[in-house]
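Undergrad: Below are the structure tokens for one structure; questions will follow.
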């Protein structure tokens, strides 16, 4: 290792060391802050300081600081001191500190919820920041919970923040949820949604559920005051390929932002006992046309397997239920990795790179949708989206013929690439069936190209 | 009978990404009324352009699709037996999971 390498390693170690020290100090500070807040809350509620005659500000349990901080709430006739006092006594759990959780957490921290829990196992990544507005560049690579908690504390140090830096699973769900009054589902996958619903039914907790994808959002409150639960509406999970993910289909950042804010609103209404929570109704947002639609839902289903009259859901059956199997979808957001072609029909990105460098005659077909192709593509590739492949075979034949004539040989290969190496396998299988028997899949797609060949090639 | 159909939550992808459809459909021969069951099979034939299995299962919608007749869950109006009337608005929306 040369001198620069040694020096870089030393600096990295020093940075890691300092970061760990910083983390420790931050933890000590937040523990002390929580202690201090507790003391202040106790002194204002248990032994009110005598103030001048006629000043009743402390009889309602609010300290002068609280009165000032929440004055705009207190001035609302329909919310007032009672609403704020209820909120300060309440606890809210937000599961997921992503696109929905970010704005929900910001408002819940600001509004004066007494105690707030945050669950997430993920770390902050650069491609989160377009919508997950609670996180900042300084936290890239760090726990989302740590990052979200730090922001919430900086907004309102009097709210107690509990960090659950773990994945939400049947093994820890009951213990975590039982400590809170209201649950906000800000997750991004079907198995989590069923799991959170069932956990809330078992423990009798109201559930504020939001979802967003692309330019659409949905919001409702489940398991509230005799209203329906998620399973009353969706007793059978949808087919796996019907569940699109933001990482594949995209999402305009402000759309989960709007829904997350509305989740905070519903959580505040439930916790403060003010207003009419969105139970038995659903709010649908179509951001593109600027339309909200408020629809009436069915009531609680007597046949519901979670909350129905004959439901057998208990703590025990909940903790043994396999939600991944039920929904045929993994709980983790790791992208699907198909692997069904035989080794002979595939080559690695390194092998493909070798062929390009040697100048081997070939055609490269990129089967991603055209809007993906416009983001980034390999030179000399032709874009034929998988959905249009069958109809555009003549283009491939023509390109192969042209390449054969140019090279004056017959060993022209046909390679197929996509983003991660799943669709390219489907395409190769289809091409084989349609007579292009030499078509080969490039394993792992463009992501593998970045990892194994060209680190500067953009990923998305 | 004139109806407005709307598709959302990704279902519009099954009909050339068109979300709103003004359609004209009449009860079949011998039938006096148009039910949701009739409408679904009509939609499957005339509106859905690809992957019909992502829209229907059996003679109803696939799991995970909410059906709203005039902004009300069709569970409250009789599901497949819901009788449609002139100018009704029918929404098919796939439940979202993203966040």
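Undergrad: Taking the condition in contact (Cβ under 8 Å) with a residue 24 or more places away in the chain, surrounded by 11 or more Cβ atoms within 10 Å (Cβ to Cβ) and not in a loop (DSSP other than H, G, I, E, B), does residue A:353 pass?
TA: yes
Undergrad: Quick one: is residue A:213 without any contact (Cβ under 8 Å) to a residue 60 or more places away in the chain, more than 20 Å from residue A:302 (Cβ to Cβ) and facing chain B (nearest Cβ under 7 Å)?
TA: On the way: without any contact (Cβ under 8 Å) to a residue 60 or more places away in the chain: yes; more than 20 Å from residue A:302 (Cβ to Cβ): yes; facing chain B (nearest Cβ under 7 Å): yes.
Considered against the rule, which asks whether it is without any contact (Cβ under 8 Å) to a residue 60 or more places away in the chain, more than 20 Å from residue A:302 (Cβ to Cβ) and facing chain B (nearest Cβ under 7 Å), residue A:213 comes out as yes.
Undergrad: If I ask for residues that are surrounded by fewer than 24 Cβ atoms within 10 Å (Cβ to Cβ) and over 23 Å from residue A:115 (Cα atoms), which ones from region A:181-190 would you list?
TA: A:189
Undergrad: Continuing with this model, one more query. Taking only region A:364-382 into account, find how many residues are part of a loop (DSSP other than H, G, I, E, B) and surrounded by fewer than 12 Cβ atoms within 10 Å (Cβ to Cβ).
TA: Within region A:364-382, residues that are part of a loop (DSSP other than H, G, I, E, B) and surrounded by fewer than 12 Cβ atoms within 10 Å (Cβ to Cβ) number 3.
Undergrad: Taking the condition in a loop (DSSP other than H, G, I, E, B), in contact with a helix residue (DSSP H, G or I) (Cβ under 9 Å, 6 or more places away or on another chain) and either at pLDDT 95 or above or facing chain B (nearest Cβ under 8 Å) (or both), does residue A:228 pass?
TA: The answer is no for residue A:228.
Undergrad: Could you list, in sequence order, the residues of region A:158-175 that are in a strand (DSSP E or B) and touching a helix residue (DSSP H, G or I) at 6+ places or on another chain (Cβ under 7 Å)?
TA: If the condition is that a residue be in a strand (DSSP E or B) and touching a helix residue (DSSP H, G or I) at 6+ places or on another chain (Cβ under 7 Å), then A:160, A:161, A:163, A:164 are the ones that fit.
Undergrad: Also, I was wondering about something else. Among the residues that make up region A:285-299, is at least one of them in contact (Cβ under 8 Å) with a residue 24 or more places away in the chain, assigned to a loop (DSSP other than H, G, I, E, B), surrounded by 15 or more Cβ atoms within 10 Å (Cβ to Cβ) and out of contact with any strand residue (DSSP E or B) (no Cβ under 8 Å at 6 or more places or on another chain)?
TA: Within region A:285-299, one or more residues are in contact (Cβ under 8 Å) with a residue 24 or more places away in the chain, assigned to a loop (DSSP other than H, G, I, E, B), surrounded by 15 or more Cβ atoms within 10 Å (Cβ to Cβ) and out of contact with any strand residue (DSSP E or B) (no Cβ under 8 Å at 6 or more places or on another chain).
Undergrad: Identify all residues within region A:418-443 that are in a helix (DSSP H, G or I) and over 22 Å from residue A:376 (Cβ atoms); write none if there are none.
TA: Across region A:418-443, the qualifying residues are A:429, A:430, A:431, A:432, A:433.
Undergrad: Follow-up question, since we're still on this one. Could you check, for region A:299-321, whether at least one of its residues is under 16 Å from residue B:97 (Cα atoms) and modelled with pLDDT of 95 or more?
TA: No, every residue in region A:299-321 fails to be under 16 Å from residue B:97 (Cα atoms) and modelled with pLDDT of 95 or more.
Undergrad: For region A:149-167, check the following and say yes or no: at least one residue is at pLDDT 95 or above and within 14 Å of chain B (Cβ to nearest Cβ).
TA: no
Undergrad: Among the residues of region A:231-246, what is the count of those that are more than 7 Å from chain B (Cβ to nearest Cβ) and at pLDDT below 95?
TA: 2
Undergrad: Same structure, new question: Quick one: is residue B:41 in a helix (DSSP H, G or I), without any contact (Cβ under 8 Å) to a residue 24 or more places away in the chain, surrounded by fewer than 16 Cβ atoms within 10 Å (Cβ to Cβ) and more than 10 Å from chain A (Cβ to nearest Cβ)? Let's see the steps before the verdict.
TA: Working: in a helix (DSSP H, G or I): yes; without any contact (Cβ under 8 Å) to a residue 24 or more places away in the chain: yes; surrounded by fewer than 16 Cβ atoms within 10 Å (Cβ to Cβ): yes; more than 10 Å from chain A (Cβ to nearest Cβ): yes.
Against the criterion (in a helix (DSSP H, G or I), without any contact (Cβ under 8 Å) to a residue 24 or more places away in the chain, surrounded by fewer than 16 Cβ atoms within 10 Å (Cβ to Cβ) and more than 10 Å from chain A (Cβ to nearest Cβ)), residue B:41 qualifies.
Undergrad: OK, next. Considering only region B:46-76, how many residues are more than 9 Å from every other protein chain (Cβ to nearest Cβ), assigned to a loop (DSSP other than H, G, I, E, B), on the phi < 0 side of the Ramachandran plot and without any contact (Cβ under 8 Å) to a residue 40 or more places away in the chain?
TA: 3
Undergrad: Residue A:257: within 20 Å of the chain's Cα centre (by Cα), more than 10 Å from chain B (Cβ to nearest Cβ), under 15 Å from residue A:96 (Cβ atoms) and surrounded by fewer than 24 Cβ atoms within 10 Å (Cβ to Cβ), yes or no?
TA: yes
Let's see how each residue does on (1) touching a residue at least 60 places away in the same chain (Cβ under 8 Å); (2) surrounded by fewer than 21 Cβ atoms within 10 Å (Cβ to Cβ); (3) closer than 30 Å to residue A:323 by Cβ; (4) assigned by the TED database to the domain that holds residue A:275:
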{"position": "A:85", "(1), (2), (3), (4)": "no, yes, no, no"}
{"position": "A:100", "(1), (2), (3), (4)": "yes, no, yes, yes"}
{"position": "A:134", "(1), (2), (3), (4)": "no, no, yes, yes"}
{"position": "A:144", "(1), (2), (3), (4)": "no, no, yes, yes"}
{"position": "A:172", "(1), (2), (3), (4)": "no, yes, yes, yes"}
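Undergrad: Listed residues A:90, A:44, A:63; which is surrounded by 15 or more Cβ atoms within 10 Å (Cβ to Cβ), away from chain B (no Cβ under 14 Å), touching a helix residue (DSSP H, G or I) at 6+ places or on another chain (Cβ under 7 Å) and at pLDDT below 95?
TA: A:63
The values are calculated or read from the model by the stated rules, or taken from the named source; none is laboratory data. Just so you know, these numbers come straight off a predicted model, no measurement behind them. Backbone-built Cβ (ideal geometry, glycine too); neighbour counts: all protein chains shown.
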